[in-house]
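To keep things clear, I will list the structure first and then write my remarks on it.
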Amino acid sequence: MGNTAKLTFKHSAKGFEKTVDIKVGESVLDAALNFDIPLQHACGGFCACTTCHIKVTSGAEAVSAQEDDEADRILQVANLAPNSRLGCQTKAAVAGSSITVEIQNWDGL
């Protein structure tokens, strides 16, 4: 366990699910890139777009708090929900935790 968390990526419409171990402090987008999971990221992870929109479906208490830049940017996403986050800004924050995110935009495999 150490300084890691379990992160599960899902895309229900595509029947995709994959669980990986990530380091505390690592973003959902970085984890996706490290494990070849198709999470869009048009701005390169700089909180300048909304293509890495995810929904944290479980483990919200184990991710980093939303900062002002993300809170402003997230208002522009389609299908906005209370659990909407940007993958580039959402980081694992609690060692030993389990986090599940639903991918909203899909490039496919």
| note | Counting only residues 5 or more apart in sequence or on a different chain, those whose built amide H sits under 5 Å from that of Ser58 are Thr100
| field | Derived scalar couplings ³J(HN,Hα) [segment 77-83; Karplus, 6.51 cos²θ - 1.76 cosθ + 1.60; whole Hz; x for Gly, Pro] | value | 6, 6, 6, 5, 9, x, 9
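Let me know the shape class of segment 4-103, please: from the alpha-carbon gyration tensor, a ≥ b ≥ c as square roots of the eigenvalues, rounded when a/c is under 1.5, otherwise prolate if a/b is greater than b/c, or oblate.
Details: a/c = 1.43, a/b = 1.21, b/c = 1.18.
Rounded, since a/c falls under 1.5.
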| query | Which order, highest average first, do 41-47, 3-9, 58-64 follow once you tally other Cβ atoms within 10 Å for each residue and take the mean per peptide? | reply | 3-9, 58-64, 41-47
| note | When Ser12, Ser27 are ranked with the fewest other C-beta atoms within 10 Å first, the list becomes Ser12, Ser27
| query | Rounded to the nearest 5, what is the percent of antiparallel bridges among the DSSP beta bridges in segment 4-103? | reply | 75
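Please report the relative contact order for the chain, taking Cα pairs under 8 Å with a sequence separation of at least 6, and give it as a percent rounded to a whole number. Intermediate results must be reported in sequence, preceding the final value.
Numbers: 232 pairs, mean separation 45.0, N = 109.
Worked out over the chain, it gives 41 percent.
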| task | Report, ordered by chain and residue number, the aspartates and glutamates lying within cross-link reach of Lys91, taken as a straight Cα distance under 20 Å and ignoring same-chain residues fewer than 8 apart. | result | Glu17, Asp21, Glu26, Asp30, Asp36, Glu61, Glu67, Asp68, Asp69, Glu70, Asp72, Glu102
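No value in this document is a laboratory result; all are computed from the given coordinates. Just so you know, these numbers come straight off a predicted model, no measurement behind them. Here the Cβ is made from the backbone with ideal geometry for all residues, glycine too, and neighbour counts use every protein chain on show.
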